[in-house]
Structure formats: structure tokens, C-alpha cells
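Just so you know, all these numbers are worked out from the coordinates, no wet-lab data involved. It should be emphasised that the depicted structure is a prediction, and the values quoted were computed from it without experimental measurement. Please note: Cβ atoms are built from the backbone with ideal geometry, for glycine as well, and neighbour counts cover all protein chains shown.
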């Protein structure tokens, strides 16, 4: 067993191997405080035949026992990955994938299990470090180590790997991954911070990354792993030269076509033509020809951009495609927008619901509710493909999360706008930056629904082409520029600052100077897009859609909540059944009533007010006779509150029998004229009018307040007389 420890950012970090999971190719147990994660890595010894991508899978799993919890649900066990686990898995995947050989076609699996969680030290970044360390001490040829940290900022001070309470107070939360020399990935959200402050946080994070890498190097030095040989590329130079000669200048002609599908069809035709011409000498060479044609495609695109500053569709490096924003495109949606930028198009809708529509979250932090969600769908038809849809992909979860975080800081608080908000982006066409189109469409959709967002948000995807010391930063990249380029850098924000960021590199690192250039160019593009969006809608609509539910809010004393809910919810269910509204009651006594009918909302409010109201002496009430006695009648004049109408208070003049005036179930008006020393409510029917002229009040024997009437005897006597 080998253990290495290091104090980083005032916390002791330990990496251990050789005690747990010894049959894995690499296994590292990492610990900070009482949070522990186990990262394992295994790669098959047999290569996948016909593979054309690195078959890497990453699973980040939170074990509920780590925090002393039993999972919810019927099975009471961990099931499919939650969205949070998927997002963390993607972060780990994106930082380690570029460091594996491009022709590493061995099935490789990284599993990170959270074994212990102290509620303070977050396990995700620790898991990313452990995954890198496990790869480094395995026999897999991995160009690490690499490390990740989370950066927050509280009161202007950057904090590395903040605790959960610090994250709540932070105006910045980003994950930074890097090597000892440079940054390879950034992802996170912010509350409209400047590009300069964002870059400063990244730099601060990188300083700590270097320390995590030094800790891993100490572990590697002690283990002394024996690495497998990276697969050698078998290249038939004569075949490559033959194919390249047949391509000739035709790739320039293909890339002169402005439409994506036209370029794709022309390239497919070229591949089939060349493969057919070489079939006799090189049988079954279609895939090899396709790979060479793609390589030439990549070279021509990159050379044209670096030498001439001209891109595939004829744009300059900073030029943004034509933008067409539309709102109110769907007649029954609460809010809708169609955002089109070049050949990328997103149809985005907003739906408003009650608190009952909130998403329930069950994880190792505890149960919670999510009242704002943005979901992203990428159907195959948006790229002209036909393939099986097998649920929501990890990419869709990741893109939806980025768009969701982009708008979170501009939304109204639940107190200001007590709706559950669901935004859905359905990508209709895609040729790059569909997630950023979703951000722009979501902003317009929210405003179209009448959600009072504080500021408008737009997003832009940046690209990078490098060759030696030459480079070009591209604004609003196409799918091909993403695929054949060196960077995918997405930035979202308002006029005043950045709200979210996601950067992935396909090269080994990015300098801070180049990152500064990309951020400034992204800011200019973001502001340009905001101006185009304002042409469709410049501020939230003053009223909600007529199809959206209305919320009526009222406050009641906390000690009255039980009276409104009733035993087993009987009272509140009765109100809902009678009025057809939805009612949510917060712990602080705030009552939200949801309905499309204002009259029904007022009716429900009246019923609740009646439940919590206190009797007022001198006030007139509508009452229902509930019991008849010899000496009077009891009547319910408020929900759950009864009073006595004495026989002498029923009418002016003598009343011989209570039954001569009222019977059970009668609706009568009464006046509460007294609440006696024992809290009994005394009602009167006759005091609703003036006494007849000359009326003399007969003498009444004083009531003995210490004597309790025998109601049961009265009922028996009454029943016997009947």
C-alpha cells in the first residue's frame, strides 16, 4: 500500500493505492476531510476492430451510504445516473480523453465511486484528480497527469475548492482543468462578472492545479508503472499518395459550397468515386479513403483560415451568421421563440406551473426541489440523419445544463415570481452552436411568457485554429470548424458580464494570453447577438400569457397552517375540490393559489380567510343551525366555530319553543354580541333589527357561567319529544 499526502489550499489531500480494487489496471483512493472517492480504470487487452474513435466511458457514481442515506424510489438502491452524476462524468471524460492516443481503440472504463461524504468537501473535483492518478499508475499510455479544481469568489476573493456554504455565497463557480503548463478545460457559471475577473479566477485555479499534479507525480514515482506500447499507425504511403493525387483541387471546389448538406453530399460522392477507382488494387478501401479525404478536408479548412482569414461559408473570422429571432410562434405555449442563426435553429418554449410541478431531487446532499429547469433535445433530423432515439443522451444533458446555468442569475427570485419554470429547447437544425442558440431562444421565450428576467442573455461559440505561432480565433463556429478545429469555447452573458462558460481543447493546452483574446472577441459577438435579439423582443411582456395559470398569494400566521390543511389534508382538499384551484403553502405561511379563473382564486381565498379568521364581537355572520336545545340553538357561524343563539335571542317577544323559529340545517343571519369570560360565543338573531315600538325586555334569569349545560340530555329530551 502506498499513500501520498499534501496540504493544498489549507486542506490535507491524500492519494492511496494498493489496498482496494487491486485487480483493476489502476485504482486510487483519494481523501480530503471525511470525503473519500475511489477511482478505478480498466482497459481491455484486445483492440476493437473497425473502431474509429477512442472507446472511453466514464462513470461517476454517488453511493448514498456515503452520507448515511437510503435511496428513494421503489427499489431503494442506486439506479441510472442522475443528471448531476452525468455532468460530473462528462467533466472527467472531457479532461482525460484528449490525453489518450488518438488510435487507442481498446475499450477503456473509468469508474469513480463516492464512498464517504462529509457534506462540506465536494467529491467531484477530488474524483477528477483520482481518475487522472489511476490512469497515470496504470499500464495505459496516458499523457497525464492532469487535475481539476473548482473556483468560487466570495466578497471579491477567489476561493479554490470552496465548501458547499461558500458556493451558496459565491458570485462565481467554475471548474478549471489543466496540466502543469496550461489550461485544457473550463466550465461553470457566474453572476455577470467581467472577463478580466473570470480570467483571474482561472489563473488562480491553475496555481493549485500545479500542486495537485505534483502530488500525483509523487505517487507515480513510487509506483513506477510499466506502460503498454501505444498502437503504431500502419500507413501505406503509396496508397495515401494515390488518394491525395485523386483528390487534387476538388476539395477546394467542395468547400466553396455554402450549404452544409451540399458539402457533405459532394464529399461522400468523392469518397465513393475514389474508392471505386481503387477497388481492384485496394479492395475494401472505402473507410481508408474516407479518412484520408477527411484529413484533406481538415487541412484545406485550416490553411484557408490561417492564410486568408476566410472560413468555409465565406465569413471572416469575427463575422457572425445571419440571425433571425421570432417570438410567439406557438399559439398555446405560455412563451415560445424560434431562434435561427445560419443553419442552426432552436425552437424554445417556456411553461409555467405551480410548486407541485417542481422537480424532486434525491442525492447524497439530501432531498431538494428544483423550480427552474432547462432541457435540451437534439433529434436526429436536425442534422439530416435517421437513427434510433434511446432516451436523453449525456450530450443533451450537458448542453441543457450549460443553457440552464446561463440564465439562472437573471431569473426573478421565487418570492418575486412563485412559478415553477420549465424551458425546453428542441433543436430543429444544427450546424454548430446549437447550445448557444438554445440560450438565446430561451431568453426570448422567457420574456415572451412574461417572466420578469432582470436582463437579456445571449451566447456565442468560439473556435480556434493554430499552427506553430500562427492562430485564428473564430466567432460563431460551424460544425466543421468545431470538428476540425482546436477549441470549442462557449461564452454566455448580459451586456454587463459573463453568466456561463464552457471551454474544451483538442490540443494539449491554451495560454492565458490566447484565452484573453478569445474572451474579448466573444464579448463583442455576444453584444452583437443581443442587439439582433432585441429586434424581436426587447423586454419581458408586462402580462403573462392568457394560457398561463395565475397565482394569487396571501399570508397567514404560521400557527394557522394546520387549520387550513386540516387532519390528513381534509380541509385543504375540500377547498381544492370545491374551487378547482391548486394550493401550495410554504412553511413561512405564504399561500399560493394557482388557477386560470380569477373568481375561483378569490373564492378559495375567502374560504381560507374564513378558516383563519377570529370571531369579532358586533360582526354579522351567515350561520347554519347545527343543534336544537330547549334553551336555544347552536349555529356554526365560521368554519369550525359554533355559538349559542339563546331562545330569548331568536326574536323580539316571547318564543315558546326553539322549533317554532328554526330547525337543523337552516341558514340564518346572526350577530355575535358577546364572547364571555369562558370564550363562549353568544349569538343573536333579533339584534339584527330594532325592537318594535313600545317593546319592553322581559326579565331573564341570570346565566350561571359556572354551570355546563347537559347537551346530551337535551338532545335525548328533544329526540323523545319528536
Exercise. For n ≥ 4 DSSP H runs only, could you compute -39500 (n - 2.57) per run for the chain, divide by its residues and tell me the 222 nm figure to the nearest 500?
Key: -10000 deg cm²/dmol
Quiz item: Distance from the Cα centre of the stretch 163-236 to that of the stretch 87-134, in angstrom?
Solution: 12 Å
Quiz item: If we sort 144-151, 636-643, 564-571 on the protection proxy, mean other Cβ atoms within 10 Å, highest first, what's the order?
Solution: 144-151, 636-643, 564-571
Quiz prompt | Computed lengthening from residue 408 to residue 286, 0.36 nm per intervening residue step minus Cα-Cα distance | solution = 39.1 nm
Practice problem: For a quick protection proxy, order the peptides 235-248, 451-464 by their average other-Cβ count within 10 Å, most packed first. | Solution: 451-464, 235-248
Quiz item: Most exposed first by the Cβ proxy, i.e. fewest other Cβ within 10 Å, how do 390, 356 rank?
Solution: 390, 356
Quiz item: Is the shape of the stretch 162-256 best called rounded, prolate or oblate, per the rule: a/c under 1.5 gives rounded, else a/b larger than b/c gives prolate, else oblate, with a ≥ b ≥ c the square roots of the Cα gyration tensor eigenvalues?
Solution: oblate
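Can you sort 533, 1 by how many other beta carbons sit within 10 Å, fewest first?
Arranged by neighbour count, lowest to highest, 533, 1 become 1, 533.
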Quiz item: Taking only Cα atoms, what is the 0 to 90° angle, nearest 10, from helix 394-408's long axis to the longest principal axis of the chain?
Solution: 60 degrees
Practice problem: Within 10 Å of each residue's Cβ, count the other Cβ atoms and sort 7, 350 from fewest upward. | Solution: 7, 350
Practice problem: Pop the C-beta distance of residue 527 and residue 7 into the FRET formula with R0 = 41 Å and round what comes out to the nearest 0.05. | Solution: 0.40
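Before anything else, pin down the relative contact order of the stretch 550-612: Cα pairs under 8 Å, at least 6 apart, normalised by residue count, whole percent.
On the way: 82 pairs, mean separation 26.7, N = 63.
Computed over the stretch 550-612, the figure is 42 percent.
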Quiz item: How much FRET efficiency would the formula 1/(1 + (r/R0)^6) give for residue 157 and residue 688, where r is the Cβ-Cβ distance and R0 is 60 Å, rounded to 0.05?
Solution: 0.30
Quiz item: So what's the angle, to the nearest 10 degrees on a 0 to 90 scale, between helix 512-534 and the longest Cα principal axis of the chain?
Solution: 50 degrees
Quiz prompt | With Cα atoms, 0 to 90° folded angle of helix 434-448 axis to the chain main axis | solution = 20 degrees
Quiz item: Using 7 Å Cα-to-Cβ label points, what is the residue 676/residue 619 separation (nm, one decimal)?
Solution: 2.2 nm
Quiz prompt | Cα shape, the chain, gyration tensor, a/c 1.5 rule | solution = prolate
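Which of the three applies to the stretch 242-323, rounded, prolate or oblate, going by the alpha-carbon gyration tensor with a ≥ b ≥ c and a/c under 1.5 meaning rounded? Provide the component values of the computation, followed by the final result.
On the way: a/c = 3.23, a/b = 2.17, b/c = 1.49.
Cα axes put the stretch 242-323 in the prolate bin.
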Exercise. Counting only C-alpha contacts under 8 Å and six or more residues apart, can you give the relative contact order of the stretch 1-142 as a whole percent?
Key: 34 percent
Practice problem: Starting from the Cα of residue 543, move 7 Å in the Cα-to-Cβ direction to define the label point; list residues of the stretch 577-606 whose amide nitrogen is under 14 Å from there. | Solution: 597-598
Self-check item: Mean Cβ neighbour count within 10 Å, used as a protection proxy, ranking 18-28, 646-656 highest first
Solution: 18-28, 646-656
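If you average the sequence gap of Cα pairs under 8 Å that are 6 or more apart and divide by the length of the chain, what percent do you get for the contact order?
Value for the chain: 9 percent.
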Practice problem: Could you check the simple spin-label distance between residue 295 and residue 627, using points 7 Å along Cα→Cβ, in nm with one decimal? | Solution: 9.7 nm
